[in-house]
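The values are calculated or read from the model by the stated rules, or taken from the named source; none is laboratory data. Keep in mind it's a predicted model, so treat the numbers as computed, not measured. Don't worry about glycine lacking a Cβ; one is built from the backbone with ideal geometry, like all the others, and counts go over all protein chains shown. We work out accessible area using only protein heavy atoms, side chains counted, and drop any ligands, DNA or RNA first. Shrake-Rupley method; radii C 1.70, N 1.55, O 1.52, S 1.80 Å.
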Amino acid sequence: QPDDRGLIGDVPVLRVTRRGPEAVHFVQAALEPGAEVLLSLDWERRFDHMQQHSGQHLITAIAEQMFGFRTTSWELGRQRSVIELDTPSMTAEQIEALERSVNEKIRERVPVMVRELAADDPEIETVRSRGLPDDHAGPVRIVDIEGIDSNMCCGTHVSNLSDLQVIKLLGTEKGKKNKTNLIFLAGNRVLKSVEQSHSTEKSLTSLLKSGPGEHVEAVKRLQSSVKLLQKNNLNLLRDIAVLIARDFKTKAVQSQLFVLHRKEGDSEFMNIIANEIGTEETLLFLTVGDEKEAGLFLLAGPVEAVENLGPRVAELLEGKGAGKRGRFQGKATKMCRRGEVQALLQEFISHQSPEA
């Protein structure tokens, strides 16, 4: 169970841990030894932990009674809690029956009591436990859920199961070593979850223009529409790439450098242009993505030129890339430096021309 928080006087408690029989408090500022102070507990945090911890005891006991599923560990998380059960799986019917049973016990207002036994009391052997810590000192604390469970525990608990309000089992996940993780919420966490779900539901109703019962089908229709639009967009980009390449090749005098940027393109778009133009004589510098942010680039052309220029282009664009057989492509984080790359390539070509 997570530690308590609060104030010692007006000094916040940052963390509490145990060192043998003592509770060690970490605080923001030094406190005067021997001073009388008022302790203020973060009750909302404490009560939340009480609900989750007592809920875990109840679920653990009923799961073992109903199905023989023994609890091997558990975690009280910030948003949800998890009980590790020694079973490879749980059926939906078992989860439903377990949830129904634990909530019946809550409605029956079963008392929860705390008592202490001497460390050598033989009754300790009859109490459910995973053993005492090596540095334990003093009496042993027992938490009893009347007629349901008796468990060795040092955590904080409710005094009656009715304080749990309700328990919701959210389902299971595959655990370690052929075990199953059972996820649950107790008490106020259930109310908060319902509130969040309702808020999401209202937002989806507004966005999808349909009632909650139609949300799934509405999203499926949107997904289908998006897939169709993406397919059509891809086909159009391919056609545009071919037309761009053909337009370049039809010019009477072809430049040794071809530079193009298109925000909507992708790697395939750039490679189609390179394939159509041909890179034996022409050096191509192609980029796609947002001009002021990150994007993709392709340098294509004569093998020796690309091997020489590729890493330098990636460096200028503050990106990474790799290449082979006359093509060097990768990701760029500084697309705004495309002009510097173009200047580099033009300078390279001018030094390669016969007139130079």
Q: Would you tally the residues in region 236-271 being open to solvent by 60 Å² or more (accessible area, probe 1.4 Å) and under 24 Å from Asp290 (Cβ atoms)?
A: 8
Q.
Suppose we filter Asp144, Asp134 for residues that are out of contact with any Phe, Trp or Tyr (no Cβ under 9 Å at 6 or more places or on another chain) and part of a strand (DSSP E or B); which single one remains?
A. Asp144
Q: Could you please find all residues in region 123-177 being free of Cβ contacts under 8 Å to residues at least 40 places away in the same chain, acidic (Asp, Glu) and in contact with a Leu (Cβ under 8 Å, 6 or more places away or on another chain)?
A: Glu123
Q: For region 191-198, state whether one or more residues are part of a helix (DSSP H, G or I), in contact (Cβ under 8 Å) with a residue 24 or more places away in the chain, assigned by the TED database to the domain that holds Leu58 and not hydroxyl-bearing (Ser, Thr, Tyr).
A: yes
Q) Yes or no: Gly147 surrounded by fewer than 12 Cβ atoms within 10 Å (Cβ to Cβ), assigned by the TED database to the domain that holds Thr71 and at positive phi? A) yes
Q | region 154-175: number of residues that are farther than 18 Å from Leu76 by Cβ and part of a loop (DSSP other than H, G, I, E, B) | A | 1
Q) All but one of (1) over 20 Å from Leu344 (Cα atoms); (2) open to solvent by 20 Å² or more (accessible area, probe 1.4 Å); (3) touching a strand residue (DSSP E or B) at 6+ places or on another chain (Cβ under 9 Å); (4) part of a loop (DSSP other than H, G, I, E, B) hold for Thr279; which doesn't? A) (1)
**Q.** Lone qualifier among Ala63, Ala97 - being free of Cβ contacts under 8 Å to residues at least 60 places away in the same chain, in the same structural domain as Ser162 (by the TED database) and either open to solvent by less than 70 Å² (accessible area, probe 1.4 Å) or assigned to a helix (DSSP H, G or I) (or both)
**A.** Ala97
Q) Out of (1) over 16 Å from Lys168 (Cα atoms); (2) assigned by the TED database to the domain that holds Leu161; (3) among the hydroxyl-bearing types (Ser, Thr, Tyr), the odd one out for Thr17 is which? A) (2)
